[in-house]
1. Given the criteria over 21 Å from residue 112 (Cβ atoms) and touching a helix residue (DSSP H, G or I) at 6+ places or on another chain (Cβ under 7 Å), does residue 41 qualify?
2. How many residues does the range 1-24 hold that are crowded, with 17+ Cβ neighbours inside 10 Å, farther than 14 Å from residue 93 by Cα and touching a helix residue (DSSP H, G or I) at 6+ places or on another chain (Cβ under 8 Å)?
3. Residue check: is residue 77 without any contact (Cβ under 8 Å) to a residue 24 or more places away in the chain and either in a strand (DSSP E or B) or touching a helix residue (DSSP H, G or I) at 6+ places or on another chain (Cβ under 6 Å) (or both)?
4. Is there any pair linking a residue in the range 49-74 that is at positive phi and at pLDDT 95 or above to one that is surrounded by 13 or more Cβ atoms within 10 Å (Cβ to Cβ) and part of a strand (DSSP E or B), with Cβ under 6 Å and at least six apart or on different chains, and which?
5. Among the residues of the range 99-110, is any free of Cβ contacts under 8 Å to residues at least 60 places away in the same chain, surrounded by 17 or more Cβ atoms within 10 Å (Cβ to Cβ) and over 15 Å from residue 61 (Cα atoms)?
């Protein structure tokens with residue numbers, strides 16, 4: 001298992017007329033969590049793309065538990081529980097700064113060859129980076 005945590009402050013533009021985070025913004029919060037998790041693994045989406053791999057979203061699930069509001073400091077906990085094959089699943093828990101669970105979700109991405117756009121296995125170099133971090137926790 002690999003776990004990464006990222007902090008993000010809710011901006012005014014992310015809230016709706018009721019003063020809470022608009023539900024559609026959680027997909028962006030998940031992306032922030034994924035991108036920062038990749039950085040913590042010493043890589044990035046741009047590195048994947050330079051090496052000929054794209055990672056489109058296959059599915060996303062989201063459950064709203066409590067509302068986040070303007071200026072809340074969110075902690076996005078991103079977890080990769082299983083080693084990837086042709087797909088990789090990211091699980092998310094979003095907490096406020098008091099530790100209250102606000103949201104849970106998951107996304108599944110597919111590794112695809114950028115030229116053929118056909119699914120492929122997780123690149124060996126990426127799997128090796130992930131294995132190193134799986135061993136640490």
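1. On the way: over 21 Å from residue 112 (Cβ atoms): no; touching a helix residue (DSSP H, G or I) at 6+ places or on another chain (Cβ under 7 Å): yes.
Answer is no for this residue.
2. In the first step, residues of the range 1-24 are kept if they are crowded, with 17+ Cβ neighbours inside 10 Å; the result is 2, 4, 6, 8, 10, 14-15, 20-21.
After this cut, where a residue has to be farther than 14 Å from residue 93 by Cα as well, the list is 10, 14-15, 20-21.
From the residues that got through so far, the ones that are touching a helix residue (DSSP H, G or I) at 6+ places or on another chain (Cβ under 8 Å) too are 14, 21.
So the count comes out to 2.
3. Details: without any contact (Cβ under 8 Å) to a residue 24 or more places away in the chain: no; either in a strand (DSSP E or B) or touching a helix residue (DSSP H, G or I) at 6+ places or on another chain (Cβ under 6 Å) (or both): yes.
Considered against the rule, which asks whether it is without any contact (Cβ under 8 Å) to a residue 24 or more places away in the chain and either in a strand (DSSP E or B) or touching a helix residue (DSSP H, G or I) at 6+ places or on another chain (Cβ under 6 Å) (or both), residue 77 comes out as no.
4. none
5. Checking the range 99-110: at least one residue is free of Cβ contacts under 8 Å to residues at least 60 places away in the same chain, surrounded by 17 or more Cβ atoms within 10 Å (Cβ to Cβ) and over 15 Å from residue 61 (Cα atoms).
The values are calculated or read from the model by the stated rules, or taken from the named source; none is laboratory data. The structure displayed is predicted, hence computed values, not measured ones. Note that each Cβ is placed from the backbone with ideal geometry, even for glycine, and that neighbours are counted across all protein chains shown.
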